[in-house]
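Encoded as structure tokens, the structure appears first; notes follow it.
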Amino acid sequence: EKKINTIAFRYGSNTNYLGFSSGSRNLKFRPFGGGPVAIDTILILDPDKDFSIFVVDDYERAKVFMLFDNPGTPVAGKGKVRFINLSPDANPVQLKIKDVTLPLTVGQSFTTASSFMDIEADTYHFEIISGGVLIDELPNTQIQSGFYYTILVRGYATPPSGNTNVLEAYIVIN
């Protein structure tokens with residue numbers, strides 16, 4: 001058994017890509033400092049492929065959501081963006097650009113992701129919409145040529161008692 005991290009993962013934190021050997025890998029997640037294992041899962045990792053792993057849902061129902069990162073090479077002058085809904089209680093959400101009528105994605109339900117899409121390298125004001133209502137915004141988001149981005153929604157539309165993790169958008173540079 002090998003410990004991957006030596007510091008606590010706070011809600012919403014992430015790591016850069018880590019190297020794993022291909023094949024069957026047993027991943028275990030537990031509270032920092034010890035305690036019972038919250039997630040014990042086996043993932044099959046293909047050689048020479050990149051993937052993203054997210055721990056999702058309420059602590060009592062926590063599970064791993066894995067996506068293979070196969071975006072292809074961006075077209076010259078463009079970056080690649082994908083959109084993921086990681087909120088267990090949010091209605092389907094869409095990613096759109098402010099003042100542009102058509103959204104970039106269809107409604108994403110919990111643990112669904114769009115494919116990576118090419119988008120012009122520029123600065124954007126992204127909006128997260130659910131049922132026609134603005135949920136959150138990512139203003140002044142710079143998309144650089146040749147880069148890959150994951151925009152995700154996390155938190156709760158209605159946080160459980162004692163939980164302060166409200167619905168919010170977050171961007172990760174892959």
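The values are calculated or read from the model by the stated rules, or taken from the named source; none is laboratory data. Keep in mind that what you see is a predicted model, and the values were worked out from it rather than measured. Glycine gets a Cβ as well: all are built from the backbone with ideal geometry, and neighbour counts include every protein chain shown. The area values use the complete protein model at the heavy-atom level, side chains included, leaving out ligands, DNA and RNA. Shrake-Rupley method; radii C 1.70, N 1.55, O 1.52, S 1.80 Å.
Values as computed for the structure displayed
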quantity: Karplus-derived HN-Hα couplings along region 115-131 (A = 6.51, B = -1.76, C = 1.60, θ = phi - 60°), whole Hz, x at Gly and Pro; calculated: 6, 5, 10, 6, 9, 3, 5, 5, 9, 10, 10, 7, 10, 10, 10, 9, x
quantity: Farthest toward positive dipole pole in region 1-87 [+1 Lys/Arg, -1 Asp/Glu at C-beta], among ILE4, PRO47, SER22; calculated: ILE4
quantity: Correct option for P(r) over Cα pairs in 10 Å bins from 0, in percent [calculated from the coordinates] among (1) 10, 39, 41, 11, 0; (2) 8, 26, 21, 17, 15, 9, 3, 1, 0; (3) 9, 34, 35, 19, 3, 0; calculated: (3)
quantity: Sequence-distant residues sharing a close amide H with THR112 (under 5 Å, placed H); calculated: ASN85
quantity: Leading residue at positive end of dipole, region 54-174 (Cβ point charges), from PRO160, ILE171, VAL75; calculated: VAL75
quantity: Dipole axis of the chain (+1 Lys, Arg; -1 Asp, Glu on Cβ), positive-most option in MET66, SER87, THR123; calculated: MET66
quantity: The chain, accessible surface, carbon-and-sulfur percent (1.4 angstrom probe); calculated: 51 percent
quantity: Amide H contacts under 5 Å for ALA121, placed H, 5+ residues apart; calculated: LYS78, GLY79
quantity: Per-pair calculated FRET efficiency, R0 = 25 Å: ASN14 and SER109 via Cβ, rounded to 0.05; calculated: 0.70
quantity: The chain - percent relative contact order, Cα under 8 Å, separation 6 or more; calculated: 17 percent
quantity: Cross-link pairs LYS63/LYS98; LYS3/LYS49; LYS2/LYS49; LYS28/LYS80; LYS28/LYS78; LYS3/LYS96 - those with Cα-Cα distance over 28 Å; calculated: LYS63/LYS98; LYS28/LYS80; LYS28/LYS78; LYS3/LYS96
quantity: Dipole in debye (nearest 20) - the chain, about Cα centre, beta carbon charges: Lys, Arg +1; Asp, Glu -1; calculated: 460 debye
quantity: Karplus-derived 3J(HN,Hα), 6.51/-1.76/1.60, for each residue of region 132-141, Hz, glycine and proline x; calculated: x, 10, 5, 9, 7, 9, 10, x, 6, 8
quantity: Accessible solvent surface per residue of the chain, calculated while the other protein chains remain in place, 1.4 angstrom probe, Å²; calculated: 60 Å²
